[in-house]
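Beneath this line is the structure, given in structure tokens, with notes to follow.
The values are calculated or read from the model by the stated rules, or taken from the named source; none is laboratory data. Every value quoted in this text rests on a predicted model; they were computed, and no experiment measured them. All Cβ positions, even for glycine, are placed from backbone atoms using ideal geometry, and neighbour counts span all protein chains on display.
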């Protein structure tokens with residue numbers, strides 16, 4: 001009926017990620033010394049206008065941020081979208097709430113958001129899961145590099161180096177000394193493996209060049 005009262009719109013449901021985005025918008029705005037008015041003006045300049053009152057509502061969890069808002073905010077703040085989607089915490093013992101995935105270690109959440117690994121490995125061989133992830137998630141050049149033995153070795157070396165660096169920044173108590181030494185040795189081994197894979201890559205490339213030059217000579221003769 002025309003005179004029937006319209007039912008009120010149900011309240012928006014805010015999950016864990018929406019709450020994190022709201023906190024990060026406020027954090028980044030203040031870090032950049034921006035008011036809600038200056039942020040609104042900058043968003044207008046990049047073609048995604050959001051009024052000052054709407055920005056205030058975002059920070060108070062009274063307005064949802066859609067994907068276009070999220071990317072425009074990332075552009076204006078000069079950060080990756082992950083800096084809005086996740087808490088600024090990456091300690092492996094710290095848990096992060098991810099919508100649809102419950103809680104995961106903070107460092108894993110950041111690796112996932114940085115497109116380095118699946119959020120959770122399925123119940124099968126890890127290398128197979130990593131390959132499937134690369135095929136589904138990465139553009140061609142990054143996918144080829146990740147799946148190449150040299151690229152895979154470099155990824156492992158990077159992670160091992162990060163672990164050693166983080167451990168070195170912790171308290172240098174006697175009980176930590178052996179663990180740091182082991183992590184350092186592991187990082188060195190990983191770097192040596194990467195160099196070996198790069199050496200094999202160079203040899204393969206040189207051989208491919210020689211074969212190509214031989215084919216061209218035969219064609220010209």
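Does residue 157 meet the test of being farther than 25 Å from residue 106 by Cα, part of a helix (DSSP H, G or I) and at pLDDT 90 or above? The answer is no for residue 157.
Within the range 73-89, at least one residue is modelled with pLDDT of 95 or more and out of contact with any helix residue (DSSP H, G or I) (no Cβ under 8 Å at 6 or more places or on another chain).
When 107, 185, 176 are checked against the criterion of being more than 17 Å from the chain's Cα centre (by Cα) and either modelled with pLDDT under 85 or under 28 Å from residue 82 (Cα atoms) (or both), a single residue qualifies: 176.
Being assigned to a helix (DSSP H, G or I) and closer than 23 Å to residue 15 by Cα is not true of residue 88. Each residue in the range 91-106 was checked for being in contact with a strand residue (DSSP E or B) (Cβ under 9 Å, 6 or more places away or on another chain) and either surrounded by 13 or more Cβ atoms within 10 Å (Cβ to Cβ) or in a helix (DSSP H, G or I) (or both), and 8 pass. Checking each residue in the range 124-138 for being part of a loop (DSSP other than H, G, I, E, B) and at pLDDT 80 or above picks out only 138. Looking at this structure, is residue 72 surrounded by fewer than 16 Cβ atoms within 10 Å (Cβ to Cβ), closer than 28 Å to residue 103 by Cα and without any contact (Cβ under 8 Å) to a residue 60 or more places away in the chain? Here the answer is no, as residue 72 does not meet what is asked. Scan the range 16-65 residue by residue and report those that are part of a loop (DSSP other than H, G, I, E, B) and closer than 12 Å to residue 85 by Cα. Within the range 16-65, 65 is the sole residue that qualifies.
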